[in-house]
Amino acid sequence: MELARVAVTPEAAQLLRRLRADHGPLMFHQSGGCCDGSAPMCYPAGEFRTGGSDVHLGDLEVDGDAVPVWMSAAQHEYWKHTHLTIDVVRGRGSGFSLEAPEGVRFLIRSRLLTDDELEAFGLA
């Protein structure tokens, strides 16, 4: 099994399939807590511009398509020792994220990386 910093639940993957059918390739940026708190925001790929102040955490694989996941470098300093799983729950989230009209919202579930994972990612 390949080590990854990010994962997706089956329920969130199912929603991503529907969103991809409507909007094309997708991406996530983990919000830093501005308007809607700290939440994973889903955009059409390239709509949110990333740069040198963002960290690419990895890609979610959904039916062979990669969905890149990004986070600001400043926020990554606080979260760098965690594994993040994107999930979906009922309730309205951000007006900026693609799932907002669906009556659901993406959220992050996190756990601390194991010692082996920390070493593999160069964080030990």
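Couple of notes before you dig in:
- Efficiency of FRET from Cβ geometry, E47 and R90, R₀ 22 Å, rounded to 0.05: 0.30
- Within the chain, helix-based [θ] at 222 nm, where runs of 4 or more DSSP H residues each add -39,500 (n - 2.57), nearest 500: -6000 deg cm²/dmol
- Among L112, A39, M27 - extreme Cα towards positive end, dipole of the chain, charges at beta-carbon: A39
- Percent RCO, i.e. relative contact order, over the chain, from Cα pairs under 8 Å lying at least 6 residues apart: 27 percent
- Virtual spin-label span in nm between R17 and R109, 7 Å along Cα→Cβ: 1.9 nm
- Whether the chain is rounded, prolate or oblate, judged on the alpha carbon gyration tensor where a/c under 1.5 counts as rounded: prolate
- Net charge contributed by nearby residues that have their C-beta within less than 13 Å of G64 (K/R +1, D/E -1): -2
- Taking the protein heavy atoms of segment 6-121 in the context of the full set of protein chains, the accessible area attributed to carbon and sulfur is 50 percent at 1.4 Å.
- Built amide H within the under 5 Å cut-off of L113, gap 5+: T82, H83
- In a reduced charge model with +1 at each Lys and Arg Cβ and -1 at each Asp and Glu Cβ, the chain shows a dipole moment near 460 debye about its Cα centre.
- Annotation: per residue accessible area for the chain equals 57 Å², rounded to a whole number [probe 1.4 Å, protein chains only].
The values are calculated or read from the model by the stated rules, or taken from the named source; none is laboratory data. Fair warning: this is a prediction, and the values are worked out from it, not measured in the lab. Neighbour counts run over all protein chains shown; Cβ positions are idealised from the backbone, glycine included. Surface accessibility is based on the protein's heavy atoms, side chains included, excluding ligands, DNA and RNA. Shrake-Rupley method; radii C 1.70, N 1.55, O 1.52, S 1.80 Å.
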